[in-house]
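Worksheet for the structure shown next.
Values in this text are rule-based calculations from the coordinates and carry no lab data. In this text the structure is predicted, and so the values were computed from the model without any measurement. Cβ coordinates were reconstructed from backbone atoms using ideal geometry, including for glycine residues, and neighbour counts include every protein chain displayed.
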Amino acid sequence: MNNDESEPPVLLLVSSSGGHLAQLLALRSWYEKLPRCWVTFDTPEAVSLLAGEDLVPAYHPTTRNIPNLLRNALLAWRVLRRRRVAAVITTGAGVAVPFVVLARLRRIPTVYIEVYDRIDTATLTARLCRPFLSAMLVQWDEQRRQYPEATVVGTLL
């Protein structure tokens, strides 16, 4: 697929599997009528939850795994080059970093939604992505202590 004007722009929804994916899935009513593409791990749970969706498998594990960070950076470069991406939306974790950085460098809007279970401290992924974000969203008022610029959207789950 080429990045040409005849293709409609897509939302690129990026997350690790498990709870991060569940939080993006909770936004379904917001994106269900929009063209979209998912980037997550090729786990049985994720494949089942995203059956029928456009899914690009990412490399895992990502936590402090430099080879997979590099593989996911190459994957992000390919995906962002081949598709018309309207925006990158992510809840983390590590797989999000190369997609957010490269999208921002391509002037594609980037939105990070901090996970609901990190109230008192910032996640490593959010700290790494923060300089490259168009918008930072949080689920609790208390999370604004770490992210004063964030918009509180309420809990997703």
- Task: Would you grab the residues whose amide H sits under 5 Å from the one on Ala58? Only those 5+ places off in sequence or on another chain, please, with H modelled 1.01 Å from N.
- Result: Thr40, Phe41, Asp42
- Query: Taking the alpha-carbon centroid of each part, what is the distance from the range 109-136 to the range 29-83 in angstrom?
  - Reply: 18
- Query: Which residue fluctuates the most in the chain, going by a Gaussian network model with Cα springs under 10 Å, if the choices are Trp38, Trp77, Trp30?
  - Reply: Trp30
- Query: Counting Lys +1, Arg +1, Asp -1, Glu -1, what net charge surrounds Thr123 among other residues with beta carbon under 11 Å of its beta carbon?
  - Reply: +1
- Note on the structure: Two pseudo-spin positions, 7 Å from Cα along C-beta at Thr43 and at Thr63, lie apart in nanometres by 1.1
- Lys/Arg +1, Asp/Glu -1 at C-beta; the range 10-152 dipole; positive extreme among Ile113, Leu69, Thr91: Leu69
- Message: Show me the GluC sites (Glu not before Pro) within the range 1-76 that DSSP assigns to loop and that have at most 14 other Cβ atoms within 10 Å of their Cβ.
- Response: Glu5, Glu32, Glu53
- For Val56 and Leu105 in the same chain, what is the full-extension length gain: residue separation times 0.36 nm, less their Cα-Cα distance, in nm? 15.6 nm
- Note on the structure: Under Stokes-Einstein, the range 10-152 at 20 °C and 1.002 mPa s, with its Kirkwood radius over C-alpha pairs, diffuses with a coefficient in µm²/s of 143
- Query: With θ set to phi - 60° and the Karplus curve 6.51 cos²θ - 1.76 cosθ + 1.60, what are the ³J(HN,Hα) couplings of the range 137-142 in order, to the nearest whole Hz, using x for Gly and Pro?
  - Reply: 10, 10, 9, 10, 4, 4
- Residue by residue, what Karplus-based ³J(HN,Hα) values in Hz, rounded to whole numbers, does the range 96-101 have, using 6.51, -1.76 and 1.60 with θ = phi - 60° and x for Gly and Pro? 5, 4, x, 5, 5, 4
